[in-house]
Amino acid sequence: MDGRARVVVVDFGGQYAHLIARRIRELGFYAEVVPYDTLKPEDVSSAGAIVLSGGPSSVLEEGAPRLNPSLLELALREDKPVLGICYGHQLLATALGGAVGKGAKGEYGSATLEVLTEDPLFSGTPRIQRVWMSHRDYVDTLPPGSLVLARTEDCGIAAFKLAGARVYGVQFHPEVKHTEYGARILENFLMGVARLEPSWRPEDAVKSVIERVRAAYNGGNILVAASGGVDSTTAAYIVKLAVGHEPIHLVVIDTGLLREGEAERAVGTLKSLGFKHVHLLDAAREFLSALKGVVDPEEKRRVIARVYFEVLERRARELSAVYGEFRYLVQGTIYPDRIESGRAGRGSDRIKSHHNVTLPEKLGLELIEPLADFYKDEVRKVAISLGLPEELVYQHPFPGPGLAVRVVGEVTEEKLKVVRKATKIVEEELRKAGLYRSLWQAFPVLLPVKTTGVKGDARSYEYAIALRAVVSEDAMTAEFAKLPWEVLEKIASRIVNEVENVNRVLYDLTNKPPATIEYE
Ligand code: XMP
């Protein structure tokens, strides 16, 4: 991107590669994740530095992901700086002629690292430091011509370096916040070893995105499937800056699965941002009748995606009869969307099919995705730098399938009403307590269980609501929020008092993994 040196993070599976890439970007270097099995010689040759990620496999297993030996040779021949982390460290060691053994008990969590020799990688960090470990296998024989840089009590080769090359392996995870000097070590690798200059700022990078959109635009109308969320709004705004508002038509579809007043609010916000053609479409009936009897979460997503596509296509046809041909579709797809839907990053399984990714390709319109290379926090920075209102920028993400994935089991109008009312209470109370911005997401989920209660001296037999509140950096992993009891109590008592058909509120104490953020 932008002709600047990019750091290639080779993905060996799991969620590790993205965390590494995000940390590198936070340090001001542009990083991209490339799955190990699609890494090409051009990726190696064009890289300013290469990082081999951790991963869930064992190098001792047959069929475990490997690095193509010719690509490693190429990297060495071209004197590319290479840093292997955890699995990447072990892979590097074996590929260079060392050996990996199976540990008796493994090492998980915090460990004390002792740096054994002065090296640019550990520059400015103390001899003894805390690192985060997560491994069973370990490098037990150094590759010829390399030296040990650091050890822990259980791991004799916690960091090594290939002499005469810019090749390093570390068993610990510098990308994890629990590694005391992790950011410094990454920075040392990128600046001290790879001699890269930090020049990546999403706020600057967006300027070249605007240029690219302008250059690629060839006339004709542009359709935006808008939700009022930060991603689609920022994407549309970038396109507006590139080509002006005249050809842009935003369609807000009220799926009936939105929060109270949400569709109208979205229209108001978009208009206030200077968009001229904003079309609100009420398709609630269509969605609800298509969802009748659908219980399976993935089936729900498929139904919603199908109906959304049909409604959008129909609307586009109507609009083109009035305004002329549509040639482009703008999507607010961001970098992790591409990953979680399996469109990139082979190591990570398809977890949920986010419909905003799978939907538009069939429309026959050319896709414009101005945010496809940005992480969520970067999108927020871009949006603020473009002058979008804070309230829009810092709102919690809301899934495309909306409240349908927050009603476990069949979606009915009655259940939507319950969850909609409860959602309003949760959001109100968190804002009032000043906690809203500190959370990644917080919402109620209607469970398909009824339990006994007592309301006004009478027995009740009503629904239970689960309250989900998480903190997260990018939704790939999340921790449940340790909300104050008083706030939880206030939310729970308001829900059972104000929302009909609910007599119990439960607080969700699970992290992701193993649970996901949404319930479906
Ligand atoms: P999970 O539930 O997979 O969610 O931990 C991760 C993030 O993605 C959002 N999410 C979705 N967004 N369409 C979307 O546009 C979907 O189908 C979908 N499912 C989950 C979720 O709200 C969280 O921010």
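Miscellaneous remarks
- Residue count for the stretch 241-256, restricted to those that are touching a strand residue (DSSP E or B) at 6+ places or on another chain (Cβ under 9 Å) and assigned to a loop (DSSP other than H, G, I, E, B): 4.
- Residue within the stretch 169-191 that is surrounded by 15 or more Cβ atoms within 10 Å (Cβ to Cβ) and in a strand (DSSP E or B) present: yes
- Hey, G55 more than 23 Å from R195 (Cα to Cα) and buried (at least 23 other Cβ atoms within 10 Å of the Cβ) or not: yes
- Tally, over the stretch 422-441, of residues that are over 15 Å from E489 (Cα atoms) and not in a helix (DSSP H, G or I): 4
- Residue in the stretch 456-478 that is within 11 Å of the ligand (Cβ to nearest atom), at pLDDT 95 or above and out of contact with any Pro (no Cβ under 9 Å at 6 or more places or on another chain) present: yes
- Residue satisfying condition, being surrounded by 21 or more Cβ atoms within 10 Å (Cβ to Cβ) and of a type in the set (A, V, I, L, M, F, W, C), within set L288, L270: L270
- Residue list for the stretch 484-520, restricted to those being closer than 24 Å to D296 by Cα and acidic (D, E): D508, E518, E520
- Lone qualifier among T141, T117, T112, T125 - being more than 20 Å from G55 (Cβ to Cβ) and in contact with a Gly (Cβ under 6 Å, 6 or more places away or on another chain): T141
- Set V357, V419, V405: member being modelled with pLDDT under 95, in a helix (DSSP H, G or I) and within 16 Å of the ligand (Cβ to nearest atom): V357
- Filtered residue count, the stretch 311-331, keeping only those that are in a helix (DSSP H, G or I) and touching a residue at least 12 places away in the same chain (Cβ under 8 Å): 8
- The one condition from (1) part of a helix (DSSP H, G or I); (2) within 15 Å of the ligand (Cβ to nearest atom); (3) at pLDDT 80 or above that Q395 does not meet is (1).
- Taking the conditions (1) in contact (Cβ under 8 Å) with a residue 24 or more places away in the chain; (2) closer than 30 Å to E366 by Cβ in turn, K207 satisfies each one other than (1).
- Inter-residue pairs, beta-carbon under 7 Å, first under 30 Å from H18 (Cα atoms) and in the stretch 475-500, second aromatic (F, W, Y) and within 16 Å of the ligand (Cβ to nearest atom), 6+ apart: A475/W440; A478/W440
- The set of residues in the stretch 63-106 that are of a type outside the set (A, V, I, L, M) and in a loop (DSSP other than H, G, I, E, B) comprises G63, P65, R66, N68, E78, D79, K80, P81, C86, G97, G98.
- Single match in A316, A372, A263 (criterion: within 24 Å of L19 (Cβ to Cβ) and modelled with pLDDT of 90 or more): A372
- Looking across the stretch 506-520, the residues that are of a type outside the set (S, T, Y), within 9 Å of the ligand (Cβ to nearest atom) and in contact (Cβ under 8 Å) with a residue 40 or more places away in the chain come down to K512, I517, E518, E520.
- Single match in N503, N497 (criterion: surrounded by 13 or more Cβ atoms within 10 Å (Cβ to Cβ) and more than 16 Å from the ligand (Cβ to nearest atom)): N503
- Qualifying residue in the stretch 74-91 (condition: without any contact (Cβ under 8 Å) to a residue 24 or more places away in the chain and surrounded by fewer than 20 Cβ atoms within 10 Å (Cβ to Cβ)): yes
- Matching residues in the stretch 428-469 - criterion: being touching a residue at least 40 places away in the same chain (Cβ under 8 Å) and of a type in the set (D, E): E429, E462
- Only one of V224, V170 that is in contact (Cβ under 8 Å) with a residue 60 or more places away in the chain and either among the acidic types (D, E) or over 30 Å from G402 (Cα atoms) (or both): V170
- Flag for K482 being at pLDDT 95 or above, in a loop (DSSP other than H, G, I, E, B) and either surrounded by fewer than 18 Cβ atoms within 10 Å (Cβ to Cβ) or on the phi < 0 side of the Ramachandran plot (or both): yes
- Residues (under 18 Å from V502 (Cα atoms) and either more than 16 Å from the ligand (Cβ to nearest atom) or of a type in the set (A, V, I, L, M) (or both)) located in the stretch 430-451: V445, L446, L447, P448, V449, K450, T451
- Criterion violated by I339 - all others in (1) at pLDDT below 80; (2) among the hydrophobic types (A, V, I, L, M, F, W, C); (3) over 25 Å from G13 (Cα atoms) satisfied: (3)
The values are calculated or read from the model by the stated rules, or taken from the named source; none is laboratory data. What you are looking at is a predicted structure, and each value in this text was computed from that prediction instead of being measured. Quick reminder, even Gly has a Cβ in these numbers, built from the backbone with ideal geometry, and neighbours come from all protein chains shown.
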